[in-house]
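Please treat every number below as a calculation from the coordinates, not as lab data. All of these numbers come straight from a predicted model, not from anything done at the bench. Note that each Cβ is placed from the backbone with ideal geometry, even for glycine, and that neighbours are counted across all protein chains shown.
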Amino acid sequence: MKRKTLLRLSTRQGRSSISFRLAPSISLLLVGILVSTTVFAQQSLLTISSGNRDPIRVSSLDTLNINYISASEFAQGMGFPAAINLEVRKFEFRLPTHRVKITAGNPFLVITNVSSNTSSVFQLPRPSLHLGGSYYVPTEQFFRLLTFLWPGNITYERTARTVSLATSPSLSDYDITGLDIESRANGYMMTIKAARPLGVFDKWLKNDGWLFVTIANAKADTATLVKQVRPSGAIQRFLVFQSPTSVQLTFKLTPDVVNADIVNEPGSNNLVVTLYTRTKAMAAELEKTRQESIRESLESQRDRWKLDVIVLDAGHGGKDPGTIGIGGTKEKDVTLAVTLKLGKLIEKHLPDVNVVYTRTTDTFIELYKRTQIANDAGGKLFVSIHCNSTPKKPTPTSGFEIYLLRPGKTESAIAVAERENSVIKEEEGYQDRYQELTEENFILVTLQQMSFMRYSERFAELASETMASKLRIKNSGVKQAGFHVLVGASMPNALVELGYLSNRNEEKVLRSSTGQTRIAEAMFEGIKEYKKKYELGLQEFEMTGKSN
């Protein structure tokens with residue numbers, strides 16, 4: 001790591017000393033610059049007096065059309081803390097309230113307010129010079145800058161080559177000396193007291209209640225202003241920032257201030273800022289409008305999230321029979337029958353809900369189109385209905401299961417997903433359409449469905465409980481596996497395996513009209529309970545603003 005080469009300035013017992021360490025290459029470079037500079041510059045001394053202390057002599061350079069002063073010697077002689085970074089050719093010194101940073105070859109000085117740590121830029125007419133280890137800046141503009149930063153008056157006499165710095169400020173040193181605030185019938189009036197006519201000024205009232213009053217080429221008694229202005233009335237907070245080129249008065253106002261104007265006060269140098277507040281009638285009308293807007297927004301949100309569209313997906317169909325039972329029962333026939341019965345129950349008992357079917361006949365629908373249908377319909381719940389099976393038939397394995405879209409945790413869950421997903425091979429171009437549900441892809445899917453995953457879990461739990469209480473079929477619980485048919489659903493979703501067609505007893509239930517009706521009724525109770533809990537949660541959100 002390169003070490004910075006620093007030059008530090010200090011004052012001891014009234015005598016100034018300066019020490020620095022230069023790299024050989026930089027020393028040679030500075031010597032070259034100094035030699036070439038003498039062609040157009042003549043060195044002289046500038047006398048600077050400050051209060052009762054002895055005057056100091058500071059190097060200056062007279063070029064063809066501008067005079068430069070050594071800012072390094074000035075800071076050293078005045079006893080200001082200072083530092084030089086030769087690697088980047090920067091010099092910085094500290095005044096009582098500000099830091100001034102000079103960069104060789106650059107016409108911009110960076111001024112930092114010590115108390116607020118805010119910075120501004122002051123432009124010189126010529127770039128700064130770095131000669132013989134000192135940093136030179138245009139003299140007249142340098143002391144013009146200091147008049148804004150020094151706590152007392154500064155007088156520069158170019159012909160006499162003298163500078164006088166007052167050690168204690170007086171009111172005559174400031175352009176802005178005070179601030180009065182008066183309450184009026186329709187608001188407040190602030191009088192910015194000025195010692196001379198002020199030039200360019202402007203104001204900006206933001207929507208968040210911050211008012212900025214900027215006055216160009218002015219110097220303010222910041223300490224007095226801060227003491228004068230205390231939070232009261234329309235003023236919640238007051239800040240003042242002095243920069244080399246302007247003063248900014250910053251006010252945090254109460255919400256009832258709706259407008260602000262700034263003008264010159266007739267017959268004086270002062271500025272008048274008028275703050276206009278709402279009348280009681282205006283405030284009442286605005287509050288009424290605000291409440292109506294909130295109500296309309298809540299109604300809009302409620303209508304947006306209201307469970308008014310349920311999409312029922314009968315698994316398989318057409319050339320895809322699904323799994324085949326011991327007695328030849330086709331999964332596609334069972335799922336369609338149960339789906340249609342369930343849809344009729346919803347339409348009859350939940351008239352405010354629109355039922356959308358991915359298929360109502362024995363037709364083949366690609367998996368990706370099923371969730372596409374659901375999304376296009378604005379579905380608020382997607383339920384895909386299937387029947388289960390085992391590779392070996394008959395089998396004692398039984399029970400209904402409800403699946404959520406997540407990586408499978410058990411071999412049986414993974415096997416179910418693989419069997420249900422195998423239907424994609426019936427689709428043309430499936431290789432380019434479906435991504436393998438790897439762990440990485442599951443992360444992406446989970447992120448996409450994060451906003452409604454909690455509702456998917458809630459539906460699965462309620463449906464599992466109500467189906468268990470209504471059916472004799474064993475409840476195998478809520479599980480998780482990767483089903484392509486659920487991937488694209490932009491709503492709460494679940495896949496229901498009604499039972500095992502590879503089990504003789506469950507196949508009889510699944511293929512019978514009575515069994516299908518009971519299953520549909522049990523599923524309907526789960527949907528009804530979920531709708532009740534879901535919309536109760538929406539009402540609580542409207543009242544508290546917090547979702548459960």
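Taking only the C-alpha atoms of region 173-280, the Rg (one decimal) and the largest Cα-Cα distance, Dmax (whole number), read 13.1, 44 Å. Legend: ranking of residues Leu498, Leu462 from fewest to most surrounding C-beta atoms inside 10 Å; resulting order Leu462, Leu498. Each label point was placed 7 Å from the Cα along the Cα-to-Cβ direction; for Arg126 and Leu45 their separation is 2.2 nm.
Straight-line cross-link partners of Lys90 among the lysines, defined as a Cα under 19 Å from its Cα and at least 8 positions apart when in the same chain: Lys2, Lys4, Lys101.
Peptides 517-527, 467-477, 268-278 ranked from most to least packed by the mean count of surrounding Cβ atoms within 10 Å: 517-527, 268-278, 467-477. With neighbour counts taken as other beta-carbon atoms within 10 Å, the residues Leu501, Leu340 rank, fewest first, as Leu340, Leu501. Multiplying the residue separation of Arg158 and Arg504 by 0.36 nm and removing their Cα-Cα distance gives an extension gain of 113.4 nm. Spin-label model, Asn117 to Lys532: label points 7 Å out along the Cα-to-beta-carbon direction sit 5.8 nm apart.
Ranked by how many other Cβ atoms sit within 10 Å of their own Cβ, fewest first, the residues Val487, Val356 fall in the order Val356, Val487.
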